[in-house]
Amino acid sequence: MDNLKKHAKLLVSGMLAAFAILSVSLAWQESATYDERAHIPAAYTYLDRADMRLNPEHPPLLKDLAGFPLLFLDLTFPYDHPDWEKSGIHGQWSLGTAFLYESGNDADSIVFWSRLPIILVALLLGWFIYRWTKELAGTVAGLFATLLYVADPNIIAHSHYVTTDIGIAAVLFFAFYFFVRFLKKPDGKNVLLAGLFLGIAELTKFSAVLLFPIFGLFSLLYAITLARGRADTKASALGFKLRSLGRYLTRYAGVVVVAFALIWIVYYPNTAAMPGEKLVEVADIKLGQPNDYARLAHGLVASTSDSALLKPFSAYFLGVGMVFERVGGGNNFYFLGTVGSEANPWYFPIIFALKETLPFLVLLTATGLYTIFRIGKAVRRTSVGSLRKLLAQSFQQHIAQYLMAFFVLFYAYISITGNLNIGFRHLFPILPFLYVLIAKTAFDFIRRQDFQGERVSRVMLGLFALWVAAIPILSYPSYLTYWNEAGGGPKMGYMVATDSNYDWGQDMKRLRDFVDQNGIDTIHVDYFGGAEPAYYLGDRYERWYDQLPPEPGWYAISSLFYQESLYRDNPEGKQTYAWLAEYPLIARAGDSIFIFYVPEEGMEYDGLE
């Protein structure tokens, strides 16, 4: 352990360097994912035109970062496209296709360079995980938490995509870190830092609005427990309690003011050239649902969009309203042999249990049970009269763990009970906290052992570290398609769920390579993703979908479309891909695109050329 401490900076630098190299490599290897087709053109136009009409359901900060490298490329954007002249909300997909693949630009360069800032955010998150865990549990625990992060195939898979998933996981973690510092010392410096990072979270993804009530609640609880802990002061307990409440709540109000000031500062240059009526047009389209959220958001947008001073808040309110509208509306998805849009409460628990690595799940279960045991033991040994004081002292001493555990449980609850089953990536905000809590609890357990028990525990944890580190090596490059052994692994995980859990369009460049290597003249392609098959395959590409009558030739079918075709409700008896069961799966492009060959009648397939 002393050697690990001695070389900690080198070790954490090495882990993050390996993570960076792998992420950059994947950023070049993989084609644009489905959501990137909307995010990347939005990123460019925010900076190039100061106009947020594309993809306003997400805040601008990450897209500003992703778009920055694109300003140094000689690019053409189709501003004369009809969908730009309209509101842009429904045309963001067609404009993405036009920008990337139909305007004479180098699509691969655009996608690659826009991904690099996201990798930097992912690296910063890794460093912060090390730093906070080190503060809470020591240097070696910090190294272990960092290893859990950089070796998680799911994190590696999304570390380079121009989406909000890694970004929101990172900035939420940063916001919690600085909020805990604020609770411990609510001076002007920490009010400013907590407010800035709360604002950064709000500028990354609108689900961060949850932080306002969570941080407000914990400010209140911290003030109350602080008062109880000092009941023996000269002032009365009640008077001290009221002063503490006033101090924390007024200073938390300052945190919120700083956050909204930053929101305005960042939104202003992103909306400066955007006509206010465009915001109202989008609100008319997306917030026309007869519910309280939509009506309130629509009213705020309509009342603020004409003012240059208030237009930044108009765009912010629009995005918040769109997120609530989308969550309420659900999405279509494949899960365990069913296709539908009605959320399944078992979706996220099963996805989590089958997408996360087995060593992580074992560690999470063991440390969770140990924590429950410790809590139960402390409660049993404490009288009822002393329990309140014990809880107050524990809350004060372990505020970071209480806040992390609360957020993990709360976020898991709203994910399970929500109506948006869209992928494991939506659980990313809780993962950094789990890495920290696992490392903290594991090393607390080790420190409580006698000499022999400590040696055994350290050896076991070392073996777990090797197991964790081996998984991304053995899984390369199947990170987006990663499922653990219980989930069928990268080859069979599509049987559980698709979309961003397995098939997000990342393998189009690999399909091109397969077609090139095998001299295929024509291939029928039913592709789900952000790439454009014709851009990569040229005249060898023939667009296909499941309801067309079968014909001889080569087929490349995205696993998402394949599964949805087989398992969706089909009361009209339309053509599906069931007929492909008669033919063997010849190969795959990556893992996610299935390749079949249908020979001429009376002929047999004689293998690849």
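The values are calculated or read from the model by the stated rules, or taken from the named source; none is laboratory data. These figures come from a predicted structure and were not determined experimentally. Virtual Cβ from ideal backbone geometry, glycine too; neighbours counted across all protein chains shown.
Scanning the stretch 44-84 for residues that are outside any helix (DSSP H, G or I) and without any contact (Cβ under 8 Å) to a residue 12 or more places away in the chain returns ASP74, ASP80.
Scan the stretch 91-108 and give yes if some residue there is part of a loop (DSSP other than H, G, I, E, B), at pLDDT below 95 and either under 18 Å from the mean Cα position of the chain (by Cα) or on the phi < 0 side of the Ramachandran plot (or both), otherwise no. Within the stretch 91-108, one or more residues are part of a loop (DSSP other than H, G, I, E, B), at pLDDT below 95 and either under 18 Å from the mean Cα position of the chain (by Cα) or on the phi < 0 side of the Ramachandran plot (or both). Within the stretch 257-288, restricting attention to residues that are within 27 Å of the chain's Cα centre (by Cα) and modelled with pLDDT under 75, which residue is surrounded by the most Cβ atoms within 10 Å (Cβ to Cβ)? Residue satisfying both the conditions and the ranking: LEU287. With respect to the conditions (1) of a type outside the set (Gly, Ala, Ser); (2) under 19 Å from VAL362 (Cβ atoms); (3) in a helix (DSSP H, G or I), GLN449 falls short on a single one, namely (3). Scanning the stretch 178-202 for residues that are without any contact (Cβ under 8 Å) to a residue 60 or more places away in the chain and either farther than 24 Å from LEU226 by Cα or not acidic (Asp, Glu) (or both) yields PHE178, ARG181, LYS185, GLY188, LYS189, ASN190, LEU193, PHE197, ALA201. Any chance the stretch 188-202 includes a residue that's under 16 Å from the mean Cα position of the chain (by Cα) and aliphatic (A, V, I, L, M)? Among the residues of the stretch 188-202, at least one is under 16 Å from the mean Cα position of the chain (by Cα) and aliphatic (A, V, I, L, M), which makes the answer yes. Of everything listed in (1) surrounded by 22 or more Cβ atoms within 10 Å (Cβ to Cβ); (2) more than 27 Å from VAL209 (Cβ to Cβ); (3) of a type outside the set (Gly, Ala, Ser), the single unmet condition for LEU116 is (1). The combined condition, being surrounded by 13 or more Cβ atoms within 10 Å (Cβ to Cβ), modelled with pLDDT under 95 and either hydroxyl-bearing (Ser, Thr, Tyr) or not in a strand (DSSP E or B) (or both), is not fulfilled by GLU551. In the set (1) surrounded by 24 or more Cβ atoms within 10 Å (Cβ to Cβ); (2) in a loop (DSSP other than H, G, I, E, B); (3) among the β-branched types (Val, Ile, Thr), THR146 fails one condition alone, (2). Checked against (1) small (Gly, Ala, Ser); (2) over 29 Å from LEU427 (Cα atoms); (3) modelled with pLDDT of 80 or more, SER305 passes all but a single condition, namely (3). Quick one: in the stretch 344-360, which of the residues that are more than 19 Å from the chain's Cα centre (by Cα) and in contact (Cβ under 8 Å) with a residue 12 or more places away in the chain is surrounded by the fewest Cβ atoms within 10 Å (Cβ to Cβ)? Top of the filtered list is PRO345. Scoring ARG448 on the criteria (1) over 19 Å from LEU210 (Cα atoms); (2) in contact (Cβ under 8 Å) with a residue 60 or more places away in the chain; (3) among the basic types (Lys, Arg) leaves a single failure, condition (2).
Here is the figure for the stretch 155-187: residues that are assigned to a helix (DSSP H, G or I) and over 10 Å from the mean Cα position of the chain (by Cα) total 16.
Looking across the stretch 94-133, the residues that are under 20 Å from ASN55 (Cα atoms) and among the β-branched types (Val, Ile, Thr) come down to THR97, ILE110, VAL111, ILE118.
Of everything listed in (1) assigned to a loop (DSSP other than H, G, I, E, B); (2) of a type in the set (A, V, I, L, M); (3) out of contact with any strand residue (DSSP E or B) (no Cβ under 6 Å at 6 or more places or on another chain), the single unmet condition for ILE473 is (1). May I ask you to verify whether LYS63 is out of contact with any Cys (no Cβ under 8 Å at 6 or more places or on another chain), basic (Lys, Arg), within 30 Å of GLU281 (Cα to Cα) and modelled with pLDDT under 95? Considered against the rule, which asks whether it is out of contact with any Cys (no Cβ under 8 Å at 6 or more places or on another chain), basic (Lys, Arg), within 30 Å of GLU281 (Cα to Cα) and modelled with pLDDT under 95, LYS63 comes out as no. Here PHE561 does not qualify as surrounded by 16 or more Cβ atoms within 10 Å (Cβ to Cβ), touching a residue at least 60 places away in the same chain (Cβ under 8 Å), of a type in the set (A, V, I, L, M, F, W, C) and not in a strand (DSSP E or B).
Here SER25, SER31 are screened, and the one residue that is of a type outside the set (A, V, I, L, M, F, W, C), exposed (fewer than 15 other Cβ atoms within 10 Å of the Cβ) and at pLDDT 95 or above is SER25.
Let's see how each residue does on (1) in contact with a Pro (Cβ under 6 Å, 6 or more places away or on another chain); (2) outside any helix (DSSP H, G or I); (3) free of Cβ contacts under 8 Å to residues at least 24 places away in the same chain:
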position: VAL379; (1), (2), (3): no, no, yes
position: PHE406; (1), (2), (3): no, no, no
position: ILE422; (1), (2), (3): no, yes, no
position: LYS440; (1), (2), (3): no, no, no
position: ARG458; (1), (2), (3): no, no, no
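Take the conditions at pLDDT 95 or above and surrounded by fewer than 20 Cβ atoms within 10 Å (Cβ to Cβ) and apply them to LEU192. Does it pass? In short, yes.
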